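Read through the structure below, which is laid out as structure tokens, and then see the notes.
The values are calculated or read from the model by the stated rules, or taken from the named source; none is laboratory data. Worth saying up front: this structure is predicted, and the values here are computed from it rather than measured. Please note: Cβ atoms are built from the backbone with ideal geometry, for glycine as well, and neighbour counts cover all protein chains shown. To get the accessible areas, we keep the full protein, side chains included, count just its heavy atoms, and leave off ligands, DNA and RNA. Shrake-Rupley method; radii C 1.70, N 1.55, O 1.52, S 1.80 Å.
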Amino acid sequence: MPLFVKIKDRQSGPYTLHELKRLVTEGNFSQADLVFHEDRQEWIEAGQLEELSRLFTPEIQPARPRTVYAIGGGKGGVGKTVLTASLGIGLASLGYQVVIVDVDLGGANLHTCMGILEPEYTFYHFYSLQKENLSDILLDTPIENLKLISGACGTLGLANPRYSQKLRFINELKNIQADFILLDLGAGSSYNVIDFFLAADQGIVVTTPEPMAVQETFNFIKIALMRKLTRTFKNNPTVIGKLEQDVFSESGRLAVPLQTAINDLEVIDADAAAQMKSVISGFAPSLILNMVHAEEEIKEGMVLKTAIEELLAVQMSILGYIDYDESVRRAVKELRPFVIDNPKSKASRALAKLISVGLLEKTGWTGFKEKRRVLRQISQEAKLYPAGQLQESDTICSVQCFYWGDCEYQNGGYPCPVRHLDPIFRR
Ligand SMILES: Nc1ncnc2c1ncn2[C@@H]1O[C@H](COP(=O)(O)OP(=O)(O)OP(=O)(O)O)[C@@H](O)[C@H]1O
Ligand SMILES: [Mg+2]
């Protein structure tokens, strides 16, 4: 859970553990600094908190720190789910322990993407307290080192969990043993999605180069930042009022860039302005541009990055881009992750580069070698991966379906992710 801290008597935050780790590395946070303990409602020295001990031991900054990535972005259908599955496979094939988690509470389908039609356990078992720990609902996948936490299938009343249920999930995430945890978020910018995005160590937004998608991604980042700032300044109505008036108005239009609002705030409340700057600098999402048809479309990613820097004062890095590739669509139809279905495709090669250069930050010749290694390892995995699991009997989505009018998926031509649950609905 994000934490408030007091460094040299100045309060700042909330920070995720990952952000605190960064402060420790930079020498800006020590065991003697104070942390606000939510349960005990008091300030405690960081060095005395068991849950922070790994921040200060040298082995917590090795080459393989555990990182929770949230993969979101405003627009639906931009490729969040297929990318989560294939990124997970790429990282697992390099030997990392990876868990992919379906946090799309309204339309869980990460399991389908992995070829698992009827997951034995889902989030439902966790939310309904049938299973106490997230580790109890971890599922094996055909890939070694890769586990899955499946979302609740169908409409089982989980689209709007209570905040306490979300907190329970976020806290439990910390207990999962893995090098990488990838959260596949649902579409949209509701707080259900945003809260998971902010709870992760690193937020990744996925967009296509289309103007509508780019605009929705900008809005997603704006809303996430507002949520973060509102939580920080919840006891300071002057700051909240200023933000609402100048930057995050109901009409959705920015009256002034956030930096101008900070400059104004500096005049009336220098401490609040400093705190705001520190919250914003701890918020550094990264971007994946997906379904790129031509090289000139890559500039849309740069345009978005510039807009976010100039208007929201947020630094956004670009992790990489993935080409538009028909083989991705074919793989989805076959219920296979695209890097497994065709490890040599354009999309798979772009994904390997994104992992080696973007995520693992290998540059130059080392980056090139690492990309080759990712592709080699994925090809090995593909050879061992079970053949298509699509059964003749699996229902294919069509307007002929009895449920079409009521169905939230309406994904004509693709295997239906919910009809196999018929027995549950009929009970
Ligand atoms: N690089 C690509 N090239 C071609 N098609 C793609 C590519 N990436 C994704 N797609 C297609 O886009 C569709 C939507 O992908 P996906 O389900 O991953 O999106 P999503 O962002 O998770 O959607 P939602 O917001 O509904 O959860 C899939 O059918 C997939 O085949
Ligand atoms: Mg999805």
Legend entry - Near pairs, Cβ below 6 angstrom, 6+ apart or cross-chain, from segment 188-210 (under 22 Å from Y163 (Cβ atoms)) to any residue that is among the charged types (D, E, K, R): I194/R227; D195/K166; L198/K228
Inset, instruction - Check R22, R40, R54 and return the single one that is open to solvent by 30 Å² or more (accessible area, probe 1.4 Å), within 30 Å of I308 (Cβ to Cβ) and outside the structural domain of V339 (by TED's automatic domain parsing). - result: R22
Inset, instruction - Filter segment 250-299 down to residues that are of a type in the set (V, I, T) and buried (at least 16 other Cβ atoms within 10 Å of the Cβ) and give me whichever is nearest to ligand 2 (Cβ to nearest atom). - result: I288
Legend entry - Residue selected from segment 147-187 under the condition within 16 Å of ligand 1 (Cβ to nearest atom) and surrounded by fewer than 18 Cβ atoms within 10 Å (Cβ to Cβ), by the criterion modelled with the highest pLDDT: A159
Legend entry - Pair list, Cβ under 6 Å, 6 or more apart: segment 254-269 residue in the same structural domain as E310 (by TED's automatic domain parsing), other residue of a type in the set (V, I, T): L254/V247; L258/V247; A261/V247
Inset, instruction - Please work out which residue is nearest to K353 (Cα to Cα), limiting yourself to segment 68-99 and to residues that are within 9 Å of ligand 1 (Cβ to nearest atom) and of a type in the set (S, T, N, Q). - result: T84
Inset, instruction - Answer yes or no: is there a residue in segment 113-132 that is basic (K, R), open to solvent by 10 Å² or more (accessible area, probe 1.4 Å) and closer than 28 Å to V339 by Cβ. - result: no
Inset, instruction - Given the conditions (1) more than 15 Å from ligand 1 (Cβ to nearest atom); (2) touching a residue at least 24 places away in the same chain (Cβ under 8 Å), report the number of the one that D102 does not fulfil. - result: (1)
Legend entry - Residue satisfying all of: in segment 318-365; within 16 Å of ligand 2 (Cβ to nearest atom) and among the aliphatic types (A, V, I, L, M); nearest to the chain's Cα centre (by Cα) among these: I322
Legend entry - Top-ranked residue in segment 69-92 [being more than 9 Å from ligand 2 (Cβ to nearest atom) and open to solvent by 10 Å² or more (accessible area, probe 1.4 Å); ranked as modelled with the lowest pLDDT]: K75
Inset, instruction - Enumerate the helices (runs of 4 or more DSSP H) found wholly within segment 270-358, keeping only those where 2 or more residues are under 28 Å from Y414 (Cα atoms). - result: 326-333, 338-341, 346-353
Legend entry - Selection count where residues are within 13 Å of L354 (Cβ to Cβ), within 19 Å of the chain's Cα centre (by Cα) and touching a residue at least 60 places away in the same chain (Cβ under 8 Å), scope segment 278-317: 6
Legend entry - Lone unmet requirement of (1) in a helix (DSSP H, G or I); (2) open to solvent by 70 Å² or more (accessible area, probe 1.4 Å); (3) small (G, A, S) for A387: (1)
Inset, instruction - Give me a count of the residues in segment 190-241 that are within 16 Å of ligand 2 (Cβ to nearest atom) and open to solvent by 40 Å² or more (accessible area, probe 1.4 Å). - result: 2
Legend entry - Matching entry among D9, D33 (being open to solvent by 60 Å² or more (accessible area, probe 1.4 Å) and over 24 Å from the mean Cα position of the chain (by Cα)): D9
